[in-house]
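Down below is the structure, laid out as structure tokens.
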Amino acid sequence: MSSITEVKVPDIGDFKEVDVIEILVKPGDSVAKEASLITVESDKATMEIPSPAAGVVKELRVKLGDKVAEGSMILLLEASAGEAPAQAPKVAEVSAPPAPALEPAAESAPPTEPAAVPIHRPAPVPLEPVAEVPAFKPHASPSVRKFARELGADLSRVQGSGPKGRITREDVQAFVKGIMTQAPTPAPAPPVGCFVFDLPEWPQVDFAKFGPVELKPLSRIKKLSGANLHRNWISIPHVTQFDEADITELEAFRKESGAASEKQGFKLTMLAFLIKACITALRQYPEFNASLDRGGANLVLKKYFHIGVAVDTPDGLVVPVIRDADRKGVYELARELAEVSKLARDRKLKPGDMQGGTFSISSLGGIGGTAFTPIINAPEVAILGVSRSAMRPVWVGGKGEAAGQFMPRLMLRLSLSYDHRVIDGAAAARFTSYLASVLSDIRRSLL
Ligand code: CAO
């Protein structure tokens, strides 16, 4: 004997009305007891409504987008012979959707133990390749999540086409199809310093609970450079050596020589002299103009000097490279710096303009600050940070005319971050002392 049962929305807690966002069965489908029939969504949670009994779906009484409440009819079910009369099913909240503002979704909790907070330790994540990590959990119903899991699809990479960007079953299918039709990419060889980390999960905080918030997407440049900076920061043992250079004479010389460049429409900036001075120091200490090879057993010493310069743009940080800087004079370097900074800010740099660097300089001198710890631009092994110069009283020793007194001197603070796998602290201190001496007497760069 079989009987027709009206399957209705059971007690769904505090929610008065919820949207039907997914219909998981159709007339004629055989369903097992507890199999999911529809997915409903409130502004706080997504829930699947299970079948109260095993049977065959005779007729659907809801459609996508309907609003339902406790007691709304979902479908007619012909219960299988021998099935007990259907009881209202218990509904468990199974996932929270992302709120329209900044509310991050909570981890799905097992339906039967909502109070238990599992200590979730994610599997160790290999450092390479660096993927873009979404800040929030992708918005998808439990059945779509399950479907994606079965196919091994990473939902954070799937573009949702449903309401509020919800990921549908079709989106997952399209994503998987896209991957299948792509040419296989060879697995990258493990790079130097490939580690795995087993870190605690990132704190999930609903910032909107504490005050008003606004969501501002990161620029493409920030996402890309952020991933690279993160990789460099955690995979290179950084140490920063601080020093200062007396640039009183150099600044006077720069000012004297600046008129010629201004006539041609560019400024003879301190950065051009810094590049020259760095090249002199790099020649003296070649391991700073080098990279580790892939296996990390050899240092590749470069016989060319391509200097990367960090440029601050409205979209984020970029590092164009001044090629063969050793063969250029300060005027030519200053002109090229003005050109590449403009290209960077107009977003006209090509990827090739940012490749092949052997050493980088990050100058915050035009902005301010006394020192900072720049992040090495891998696979380079060192980067020089330059802060704002300031006039300071400096004690003059020795026997000269000014000996035995404080003199006002223009001092430039230098912050050299280096890869401690390649460079020892003593070498770094020698490098910055030498660089400071070159800046104090630029004639040394001629020697
Ligand atoms: N001390 C004091 N003044 C300095 C200085 C220094 N170390 N360096 C530059 N200045 C002065 C310049 O002389 C100029 O003064 P005037 O306007 O009076 O002529 C002013 O500061 C602005 O200089 P600038 O920034 O236009 O030129 P620059 O050659 O020094 O720098 C560039 C060019 C592209 C490096 C710079 O514009 C820039 O983007 N800096 C930010 C880089 C950055 O974000 N680094 C952080 C990366 S995190 O590692």
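The values are calculated or read from the model by the stated rules, or taken from the named source; none is laboratory data. None of these values were measured; they are calculated from a predicted model. Quick reminder, even Gly has a Cβ in these numbers, built from the backbone with ideal geometry, and neighbours come from all protein chains shown. Remember, those area values only see protein heavy atoms, side chains included, never the ligands or the DNA or RNA. Shrake-Rupley method; radii C 1.70, N 1.55, O 1.52, S 1.80 Å.
Among residues of region 322-350 that are free of Cβ contacts under 8 Å to residues at least 40 places away in the same chain and of a type in the set (S, T, N, Q), those with a beta-carbon under 6 Å from a residue that is within 15 Å of the ligand (Cβ to nearest atom) and outside any loop (DSSP other than H, G, I, E, B) at least six positions away or on a different chain give the pairs SER341/VAL311. May I ask you to verify whether ASP419 is open to solvent by less than 50 Å² (accessible area, probe 1.4 Å) and of a type in the set (D, E, K, R)? So ASP419 fits the description; yes.
The set of residues in region 4-43 being within 37 Å of the chain's Cα centre (by Cα), assigned to a strand (DSSP E or B) and not hydrophobic (A, V, I, L, M, F, W, C) consists of ASP19, GLU22, THR39, GLU41.
State the number of residues belonging to region 314-345 that are of a type in the set (Asp, Glu) and either within 13 Å of the ligand (Cβ to nearest atom) or in contact with a strand residue (DSSP E or B) (Cβ under 6 Å, 6 or more places away or on another chain) (or both). Lay out the reasoning, then the answer.
Restricting attention to region 314-345, the residues satisfying the condition of being of a type in the set (Asp, Glu) are 315, 324, 326, 332, 336, 339.
Keeping just the survivors that are either within 13 Å of the ligand (Cβ to nearest atom) or in contact with a strand residue (DSSP E or B) (Cβ under 6 Å, 6 or more places away or on another chain) (or both) gives 315, 336, 339.
Looking only at that region, the number is 3.
If you filter region 286-313 down to residues that are out of contact with any strand residue (DSSP E or B) (no Cβ under 8 Å at 6 or more places or on another chain), touching a residue at least 40 places away in the same chain (Cβ under 8 Å) and not in a strand (DSSP E or B), you find that the one that is nearest to SER225 (Cα to Cα) is ARG294.
The numbered conditions (1) more than 16 Å from the ligand (Cβ to nearest atom); (2) within 16 Å of ALA277 (Cβ to Cβ) are all true for ASP424 except (2).
If you go through region 331-368, how many residues are part of a loop (DSSP other than H, G, I, E, B), open to solvent by 50 Å² or more (accessible area, probe 1.4 Å) and of a type outside the set (S, T, N, Q)?
Residues of region 331-368 that are part of a loop (DSSP other than H, G, I, E, B), as a first pass: 346-350, 355-358, 364-368.
Remaining after also requiring open to solvent by 50 Å² or more (accessible area, probe 1.4 Å): 346-348, 350, 355, 364, 366-367.
Subset that is of a type outside the set (S, T, N, Q): 346-348, 350, 364, 366-367.
Residues that pass the stated criteria total 7.
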